[in-house]
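Engineer: Can you keep this structure in mind? I'll have questions shortly.
Each value in this text was obtained by applying a stated rule to the coordinates, not by laboratory testing. Given the structure is predicted, the values throughout are model-derived calculations rather than measurements. Here the Cβ is made from the backbone with ideal geometry for all residues, glycine too, and neighbour counts use every protein chain on show.
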């Protein structure tokens, strides 16, 4: 499995494959901010909008694939650009694995890559939210993340049912001095 960190131009090239991953993720019941059924055009538009965030340094994305053009997983770090008091932290966002690639360690690998790069970039604190009781929650707990607490009825799952969300954080070792918000 290859993992790459695309720049904005490369991310734009991958939007079709990422839209396919997003629609599969939602169709398989994962709560990643969208309701089912997710139209491919809407997924494509959402990923296309992320290109500007990558270009501006507000978002870093990694993609995983076995064959070019078919993305099987992704994860991102949302960086608090323009917030000097927050340069030490980032939010882990949209960890997704295609249902045909689940259970093979890809989610754990993507999580480890994001954590390692964040630490190397001087980020010492990561945070995220995930649906309480989801398979993703198990991944975070077993990867050393700490649950802060759950918020009831925080977000609707793909079926439209309000579900609780658990907030997590993870301290990272300080490996390098932080240079602004450069990804």
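Engineer: Of all residues being in contact with a helix residue (DSSP H, G or I) (Cβ under 6 Å, 6 or more places away or on another chain) and within 24 Å of residue 150 (Cα to Cα) in segment 96-119, which is surrounded by the fewest Cβ atoms within 10 Å (Cβ to Cβ)? Just the residue, please.
Structural biologist: Looking at residues that are in contact with a helix residue (DSSP H, G or I) (Cβ under 6 Å, 6 or more places away or on another chain) and within 24 Å of residue 150 (Cα to Cα), I get 107.
Engineer: Quick one: count up the residues across segment 39-61 that are within 16 Å of residue 96 (Cβ to Cβ), surrounded by fewer than 20 Cβ atoms within 10 Å (Cβ to Cβ) and in contact (Cβ under 8 Å) with a residue 24 or more places away in the chain.
Structural biologist: Number satisfying all stated conditions: 2.
Engineer: Here is a follow-up. Scan segment 83-109 residue by residue and report those that are more than 18 Å from residue 32 (Cα to Cα) and either within 13 Å of the chain's Cα centre (by Cα) or without any contact (Cβ under 8 Å) to a residue 24 or more places away in the chain (or both).
Structural biologist: Across segment 83-109, the qualifying residues are 83, 84, 85, 86, 103, 104, 105, 109.
Engineer: Turning to a different aspect of this structure: Please find, among 36, 30, 43, 64, the residue that is assigned to a strand (DSSP E or B) and either closer than 25 Å to residue 161 by Cβ or touching a helix residue (DSSP H, G or I) at 6+ places or on another chain (Cβ under 9 Å) (or both).
Structural biologist: It is 64.
Engineer: Then there is this: Residues 75, 81: which one is surrounded by 22 or more Cβ atoms within 10 Å (Cβ to Cβ) and not in a helix (DSSP H, G or I)?
Structural biologist: 75
Engineer: Residues to consider are 160, 122, 149; find the one that is on the phi > 0 side of the Ramachandran plot, part of a loop (DSSP other than H, G, I, E, B) and surrounded by fewer than 16 Cβ atoms within 10 Å (Cβ to Cβ). Lay out the reasoning, then the answer.
Structural biologist: Numbers: 122 fails: surrounded by fewer than 16 Cβ atoms within 10 Å (Cβ to Cβ); 149 fails: part of a loop (DSSP other than H, G, I, E, B).
Exactly one residue qualifies, and that residue is 160.
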